[in-house]
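Student: Please find one structure pasted underneath; my questions will follow.
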Amino acid sequence: MSATDTPIASASLTGRLGFGGKVKAYVALTKPRVIELLLVTTLPTMFFAARAVPNVWLMVWTMVGGALAAGSSGAFNCYIDRDIDKLMHRTENRPLVTGAVSPREALTFSWVLAVTAIVMLWFGANPLTGILGAAAIFLYVVVYSLILKRRTSQNIVWGGAAGCMPVFIAWAAVTNTLEWPAVILFMVIFLWTPPHYWPLSMRYSDDYNAAKVPMLGAIAGSRIVAVQVVLYTWAMVVCSLLMIPLGRAGIVYSAVAVAAGAWFLSEAHKLYNQARHDDVTNKGAMKVFHGSITYLTLLFLALAVDPFVGSPLFG
């Protein structure tokens with residue numbers, strides 16, 4: 001799962017930073033906006049899995065552990081990508097580029113967060129949750145950042161599986177198992193990732209090309225990208241509706257899944273129509289990017305509310 005990063009104040013030398021500036025630099029390494037987006041899917045999934053309000057301490061351990069796992073992944077990514085981050089305008093203010101944090105500090109910080117996250121998930125929830133947390137970090141750091149990102153235009157498709165792991169973590173924390181509703185939600189986010197990220201890479205195509213990172217939105221024509229966005233969006237919406245017959249979803253989730261899905265499909269098709277006429281603008285691409293965040297937020301808010309309103313439509 002991905003979002004734009006918040007740059008920290010420029011600081012070319014670590015010595016110029018006070019304690020507050022150093023803390024801000026470490027926080028920036030974790031990519032806080034990405035963490036926010038991941039947690040949007042975690043807590044609602046816990047509510048739906050429990051079909052009630054989960055134990056407060058279980059929610060705390062799972063949310064904090066999940067946030068640390070995501071932060072660790074982001075920090076490892078900053079360490080791995082520090083050579084290309086300095087070539088991209090979007091990432092030129094990241095702490096490792098400005099010198100606010102040294103590579104050694106960033107790597108140590110990443111490992112501390114990773115170990116802490118796994119311990120919290122393992123003992124605060126259950127061992128399965130801890131294993132899934134470790135798997136999430138591995139997918140993002142090794143599979144995406146080290147193996148796929150610089151080698152294939154499909155990098156965000158398969159590497160994006162890391163962003164789907166919070167629903168597995170949330171479901172396992174509550175039930176100590178994985179069931180079909182969790183698999184469906186995993187697939188929704190998996191299919192959501194390309195329509196979310198490829199429009200962003202269209203907007204920042206110059207950055208990715210300068211860094212020689214083969215994001216599809218940067219290296220392919222707008223028509224090819226738009227077609228892929230439409231196809232993935234259709235697959236995502238259809239998959240989201242499987243929660244109705246297979247996931248025991250009720251009226252709230254069903255209504256929002258249909259309405260939000262129809263709205264986001266219309267946005268994807270608008271992008272496609274613009275691409276057909278060679279009229280895609282940065283504003284148009286970013287509208288789809290921001291729309292994808294709105295869609296996912298609405299869908300998972302509905303998921304959280306659904307168990308408390310009415311009964312499942314099937315079963």
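The values are calculated or read from the model by the stated rules, or taken from the named source; none is laboratory data. Bear in mind the structure is a predicted one, so any value in this text is a computation, not a measurement. Note that each Cβ is placed from the backbone with ideal geometry, even for glycine, and that neighbours are counted across all protein chains shown. Each accessible area value is taken on the protein alone, full model and side chains, heavy atoms only, with ligands, DNA and RNA left out. Shrake-Rupley method; radii C 1.70, N 1.55, O 1.52, S 1.80 Å.
Student: Put +1 on the Cβ of every Lys and Arg and -1 on every Asp and Glu Cβ in the stretch 66-204; which of Ala114, Gly124, Ile156 then has its Cα farthest towards the positive end of the dipole?
Tutor: Ile156
Student: Span-like helices, the chain: DSSP H, alpha-carbon axial extent 18 Å or more, mean Kyte-Doolittle 1.6 or greater, which ones? Kindly include the intermediate steps, with their values, before the conclusion.
Tutor: Numbers: long enough: 32-50 (27 Å, 1.36); 56-80 (36 Å, 1.22); 103-124 (31 Å, 1.25); 180-203 (36 Å, 0.85); 222-241 (29 Å, 1.64); 251-276 (37 Å, 0.48); 282-305 (35 Å, 1.08).
Counting only whole DSSP H runs, the qualifying helices are 222-241.
Student: Starting from the Kirkwood Rh over alpha-carbon pairs, what translational D in µm² s⁻¹ does the stretch 31-144 have by Stokes-Einstein at 4 °C and 1.567 mPa s? Mind dumping the intermediate values first?
Tutor: Details: Rh = 14.9 Å.
In µm²/s, the coefficient rounds to 87.
Student: With r defined as the distance between the Cβ atoms of Arg104 and His290 and R0 fixed at 41 Å, what FRET efficiency is calculated, to the nearest 0.05?
Tutor: Numbers: r = 36 Å, r/R0 = 0.89.
For Arg104 and His290, the calculated efficiency is 0.65.
Student: Determine the dipole magnitude for the stretch 175-315: charges of +1 sit on the beta-carbon of Lys and Arg, -1 on that of Asp and Glu, nothing else is charged, the reference point is the Cα centre, and the result goes in debye to the nearest 20.
Tutor: On the way: 8 positive and 7 negative charges, 35 e Å.
Roughly 160 debye for the stretch 175-315.
Student: Can you compute the helix-only [θ] at 222 nm over the chain? Use -39500 (n - 2.57) per DSSP H run of at least 4 residues, normalise by all residues, nearest 500 deg cm²/dmol. If you can, show how the numbers build up before the last one.
Tutor: Working: 16 runs with 221 residues, N = 315.
Value at 222 nm, helices only: -22500 deg cm²/dmol.
Student: So how far, in whole Å, is the C-alpha centre of the stretch 23-49 from the one of the stretch 87-128?
Tutor: 13 Å
Student: Report the convex hull volume per residue for the chain, counting only C-alpha atoms, in Å³.
Tutor: Details: hull volume 36.4 nm³, N = 315.
Expressed per residue, the convex hull around the Cα atoms of the chain is 116 Å³.
Student: Just the accessible area per residue of the stretch 26-68, please: how many Å² with a 1.4 Å probe? Present the calculation step by step, with values, prior to reporting the outcome.
Tutor: Working: 1800 Å² over 43 residues.
In whole numbers, the stretch 26-68 has 42 Å² accessible per residue.
Student: Given that compact globular proteins tend to follow 2.2 N^0.38 Å, what is the ratio of the alpha-carbon Rg of the stretch 65-130 to that value?
Tutor: 1.28
Student: Okay, next question. Which order do His269, His89 take by accessible area at a 1.4 Å probe, largest first?
Tutor: Values: His269 65, His89 125 Å².
Largest to smallest exposure gives the sequence His89, His269.
Student: Exposed loop GluC sites (Glu not before Pro) only (DSSP loop, at most 16 other Cβ atoms within 10 Å): please give the longest stretch of the chain free of them, not including the sites.
Tutor: Numbers: sites that count: Glu92, Glu179.
By the stated rule (loop sites, at most 16 other Cβ atoms within 10 Å), 180-315.
Student: Still on this model: If you count only protein heavy atoms and use a 1.4 Å probe, how large is the accessible surface of Ser222, to the nearest 10 Å²?
Tutor: 40 Å²
Student: Treating the beta-carbon of each Lys and Arg as +1 and of each Asp and Glu as -1, no other charges, what is the dipole magnitude of the stretch 77-213 about its Cα centre, to the nearest 20 debye? Each step should come with its number before you reach the end.
Tutor: On the way: 10 positive and 8 negative charges, 53 e Å.
Roughly 260 debye for the stretch 77-213.
Student: Further question: The stretch 208-315: D in µm²/s via Stokes-Einstein (Kirkwood Rh, Cα pairs, 37 °C, 0.692 mPa s)? Don't skip to the answer; put the middle values down first.
Tutor: Numbers: Rh = 15.2 Å.
Calculated translational D: 216 µm²/s.
Student: So, one more: Could you give the size of the charge dipole of the chain about its Cα centre, using +1 on the Cβ of each K and R and -1 on the Cβ of each D and E, expressed in debye and rounded to the nearest 20? Mind showing how you got there, number by number?
Tutor: Numbers: 22 positive and 14 negative charges, 88 e Å.
About 420 debye.
Student: Between Ile251 and Phe138, what FRET efficiency comes out of the Förster formula 1/(1 + (r/R0)^6) with R0 = 25 Å and r the beta carbon distance, rounded to 0.05? Intermediate values should be presented prior to the final figure.
Tutor: On the way: r = 38 Å, r/R0 = 1.54.
FRET efficiency, Phe138 to Ile251: 0.05.
Student: Going by Cα centres, the stretch 269-315 and the stretch 132-155 are how many Å apart?
Tutor: Using only Cα atoms, the two centres lie 25 Å from each other.
Student: Taking all protein chains in place and a 1.4 Å probe, what share, in percent, of the accessible surface of the chain do carbon and sulfur account for? Walk me through the intermediate numbers first.
Tutor: Numbers: 8950 of 13380 Å².
That share works out to 67 percent.
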